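Report on the following structure.
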Amino acid sequence: MKSRNHSPRTNPAFSRKSAWLLVALLASSWSAGANANRLADIKERGTLICGTQNASSPYGYQDPRQRKYVGYDVDICQALASELGVKLQHKPLSTEARIPEVKMGRVDIVAGSVAWLPKRAEEVDFSLQYLQGNIKVLVKKDAGIKTLADLAGKKVCASSGSSSAAIAQKTLPKAEVLTYQNISQCYLGLQNDKVQAMSAGELVLLRFANDSQKTETPAVLLDEPTATEHIGIIMNKGEPELKAAVDNALTSIEKSGELDKIFNKWLGDDSIYKLKRTFKVEPVAQLDSSTKN
């Protein structure tokens with residue numbers, strides 16, 4: 001009687017193993033293709049998909065008069081697209097969606113005032129620094145709150161997913177930190193006494209402070225910052241060509257004076273803030289102890 005030796009083509013176990021190997025190979029090939037070279041994809045499609053925040057003046061917000069999104073980060077996106085020789089496709093995002101949109105590949109990069117934090121650096125890559133600023137706290141002028149220590153036992157609001165929220169949890173351990181969907185909701189909460197303070201970037205808070213002077217309950221910024229943010233463009237990990245291109249573009253717009261023009265327009269002499277640019281385009285520094293843990 002002849003033994004029933006299965007050939008490689010008819011052996012069930014071999015066939016199943018081959019099938020799994022084929023699936024794995026195809027999946028690997030698809031993954032490699034999907035993450036191949038995003039910079040090449042940008043060049044081929046002719047557009048840079050750049051995300052910014054959607055409700056954070058003066059960084060990225062919708063101007064009701066122009067009916068379009070404007071701001072420091074929007075102009076940065078346009079400058080980067082020009083340096084790459086492609087058109088800009090701007091995508092407004094909520095604060096909490098900035099990193100997920102990058103990781104899911106729905107945007108190429110985000111210029112969304114994303115400060116370097118250790119946990120963020122594990123998820124996405126950061127470009128050279130293109131912005132730097134202080135995180136501060138806004139309170140009502142008559143609240144009797146003069147220092148960060150006075151916030152003990154008080155409710156402090158910050159935007160969900162923001163570095164301000166993460167930093168407040170560490171630097172204001174005796175306060176009750178609440179997160180709202182966006183900073184405008186925090187300001188409404190401050191006006192309605194649902195919170196006693198709000199934490200965000202200094203420039204954002206200055207705008208609310210200026211607006212509040214026209215009301216019966218003016219607000220002021222506390223002098224002491226909770227942290228200094230070092231901010232870079234974020235992109236998916238494993239894209240060295242794109243990171244190098246963005247870094248080169250930032251260096252170029254600094255050397256050409258374009259970065260100074262954008263800064264002065266939104267934050268400097270031509271703006272309501274009248275700030276002086278003190279930061280350089282350099283590797284994102286982790287200088288503040290509150291952002292190291």
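The values are calculated or read from the model by the stated rules, or taken from the named source; none is laboratory data. This is a predicted model, so every value here is computed, not measured. Note: ideal-geometry Cβ built from the backbone for every residue, glycine included; neighbour counts use all protein chains shown.
Being in contact with a His (Cβ under 7 Å, 6 or more places away or on another chain), small (G, A, S), modelled with pLDDT under 95 and within 23 Å of V246 (Cα to Cα) holds for only one residue in A115, A121, and it is A115. Note on region 117-141: among residues that are in contact (Cβ under 8 Å) with a residue 24 or more places away in the chain and of a type in the set (G, A, S), the one that is surrounded by the most Cβ atoms within 10 Å (Cβ to Cβ) is S127. When I253, I231 are screened for being within 18 Å of S164 (Cβ to Cβ) and either within 20 Å of the chain's Cα centre (by Cα) or of a type in the set (V, I, T) (or both), only I231 passes. Starting from region 193-217, take each residue that is over 23 Å from G153 (Cα atoms) and list its partners that are in a helix (DSSP H, G or I) and aromatic (F, W, Y), counting only C-beta distances under 9 angstrom and pairs at least six apart or across chains. So the pair list comes out as L203/Y72; L203/W266; F208/Y187; D211/Y187; S212/Y187.
Looking across region 260-286 at every residue that is in contact (Cβ under 8 Å) with a residue 12 or more places away in the chain, assigned to a loop (DSSP other than H, G, I, E, B) and of a type in the set (K, R), the one that is surrounded by the fewest Cβ atoms within 10 Å (Cβ to Cβ) is identified as K280. A single entry from K87, K91 fulfils the requirement of being in contact with a Gly (Cβ under 8 Å, 6 or more places away or on another chain), in contact (Cβ under 8 Å) with a residue 12 or more places away in the chain and more than 30 Å from S199 (Cβ to Cβ): K87. Filtered by the rule that a residue be charged (D, E, K, R) and under 23 Å from the mean Cα position of the chain (by Cα), region 207-221 gives a lone residue, R207. Whenever a residue of region 167-183 is without any contact (Cβ under 8 Å) to a residue 60 or more places away in the chain and closer than 14 Å to A152 by Cβ, its partners that are assigned to a helix (DSSP H, G or I) and not hydrophobic (A, V, I, L, M, F, W, C), lying with C-beta atoms within less than 7 angstrom and at least six residues away or across chains, give the pairs V177/Q169.
Yes/no per residue for (1) over 29 Å from L275 (Cβ atoms); (2) surrounded by 10 or more Cβ atoms within 10 Å (Cβ to Cβ); (3) modelled with pLDDT of 95 or more:
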residue: K2; (1), (2), (3): yes, no, no
residue: A34; (1), (2), (3): yes, yes, no
residue: I49; (1), (2), (3): yes, yes, yes
residue: G60; (1), (2), (3): no, yes, yes
residue: V70; (1), (2), (3): no, yes, yes
residue: P100; (1), (2), (3): yes, yes, yes
residue: M104; (1), (2), (3): yes, yes, yes
residue: V107; (1), (2), (3): no, yes, yes
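Filter region 176-203 down to the residues that are hydroxyl-bearing (S, T, Y) and either in a strand (DSSP E or B) or modelled with pLDDT of 95 or more (or both) and list them by number.
Hits for region 176-203 are T179, Y180, Y187, S199.
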